[in-house]
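A short write-up of the structure that comes next.
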Amino acid sequence: MKTLFDKLYEIGIVPVVKIQDAAKAADMARALQKGGIPAAEITFRTEQAADAIRRIAEEVPDICVCAGTILTEAQAKQAVAAGAKAIISPGSNPGVIDWCLAHAVEVIPGCATPSEIEFCIRKGLKAVKLFPAEVIGGVRMLKALSGPYPEMWFMPTGGISEENLQSYLALPNVLCCGGSWIVPGKLLENGNFMQIEVLAAKAKARAKRAF
């Protein structure tokens, strides 16, 4: 049976979505799925996030729906109750990490330094989110980190685009990338799911592993 990480590795790119209207969540997820990306990270940057996750989990169950921008244990609990399959955070919040570990929930905390990575290793975690990836060195940073931390998976997010996606996925320590360009806010707001499907298909075509 495939693990969550197996699925994320195969998908390669996870759309990072800020959703203002939960009623559009399921159609958005279907568009991503049709475009070849059965995954989404719904960020807790709006009050609609938990409801959006619930709708996706119930109506499009094959989608690997994750909760992003989780800053507190309460948010993590709310996201998991709604159906999130993983918790993704911008930082390595000990409370969020401990809550997820205590409840057997996959968590991918954000890291920007070796010290944060080592903290996550001590917690027994196998994957972290490199954030903000491009700002802190991007591909060069990941290559440097592969030496001291060969067993750690990274999910670079922040500045990932259609243009640089392949350079990240060419690295053996990259689990998948997070990208916000696949579901632009305007397209989602206007219900332009066909164009979201097109963007997803283009991103998936670029999400090729070089090894």
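For the stretch 170-211, enumerate the residues that are of a type in the set (A, V, I, L, M), more than 14 Å from the chain's Cα centre (by Cα) and closer than 18 Å to Leu142 by Cβ.
To start, the set of residues in the stretch 170-211 that are of a type in the set (A, V, I, L, M) comprises 170-171, 174-175, 182-183, 187-188, 194, 196, 198-201, 203, 205, 207, 210.
Still in the running and more than 14 Å from the chain's Cα centre (by Cα): 170-171, 187-188, 194, 196, 198-201, 203, 205, 207, 210.
Ala170, Leu171, Ala207, Ala210, listed by residue number.
Answer yes or no: is there a residue in the stretch 34-44 that is surrounded by 21 or more Cβ atoms within 10 Å (Cβ to Cβ), under 19 Å from Leu125 (Cβ atoms) and in contact with a Pro (Cβ under 8 Å, 6 or more places away or on another chain). Yes: one or more hits.
Taking Val14 as the residue in question, decide whether it is within 15 Å of the chain's Cα centre (by Cα) and buried (at least 18 other Cβ atoms within 10 Å of the Cβ). Even if it seems obvious, please write down each step before you answer.
Numbers: within 15 Å of the chain's Cα centre (by Cα): yes; buried (at least 18 other Cβ atoms within 10 Å of the Cβ): yes.
When the stated conditions are applied, Val14 passes them.
For first residues located in the stretch 199-211 and under 12 Å from Pro15 (Cα atoms) and among the basic types (Lys, Arg), partners that are modelled with pLDDT of 95 or more and part of a helix (DSSP H, G or I) and lie 6+ apart or on another chain with Cβ distances below 9 Å form the pairs Lys204/Ile11.
The residue list Ile37, Ile70 contains one member that is more than 23 Å from Asn192 (Cβ to Cβ), touching a helix residue (DSSP H, G or I) at 6+ places or on another chain (Cβ under 7 Å) and β-branched (Val, Ile, Thr), which is Ile70. Pairs linking a residue in the stretch 43-60 that is free of Cβ contacts under 8 Å to residues at least 24 places away in the same chain to a residue that is among the small types (Gly, Ala, Ser), with Cβ atoms under 8 Å and 6 or more positions apart or on different chains, do not occur. Here is the figure for the stretch 171-211: residues that are among the acidic types (Asp, Glu) and either under 21 Å from Lys7 (Cβ atoms) or crowded, with 17+ Cβ neighbours inside 10 Å (or both) total 1. Based on what the data block shows, is Ala22 surrounded by fewer than 23 Cβ atoms within 10 Å (Cβ to Cβ), more than 18 Å from Gly178 (Cα to Cα) and either among the basic types (Lys, Arg) or at pLDDT 95 or above (or both)? In short, yes. Restricting Ala112, Ala127, Ala86 to those that are in contact with a Leu (Cβ under 9 Å, 6 or more places away or on another chain), closer than 12 Å to Thr69 by Cα and surrounded by 14 or more Cβ atoms within 10 Å (Cβ to Cβ) reduces the list to Ala86. Return a yes/no flag: does the stretch 7-30 have any residue that is of a type in the set (S, T, N, Q) and within 17 Å of Val128 (Cα to Cα). Within the stretch 7-30, not a single residue is of a type in the set (S, T, N, Q) and within 17 Å of Val128 (Cα to Cα).
The values are calculated or read from the model by the stated rules, or taken from the named source; none is laboratory data. This is a predicted model, so every value here is computed, not measured. Because the Cβ atoms are built from the backbone with ideal geometry, glycine has one as well, and the counts that use them run over all protein chains shown.
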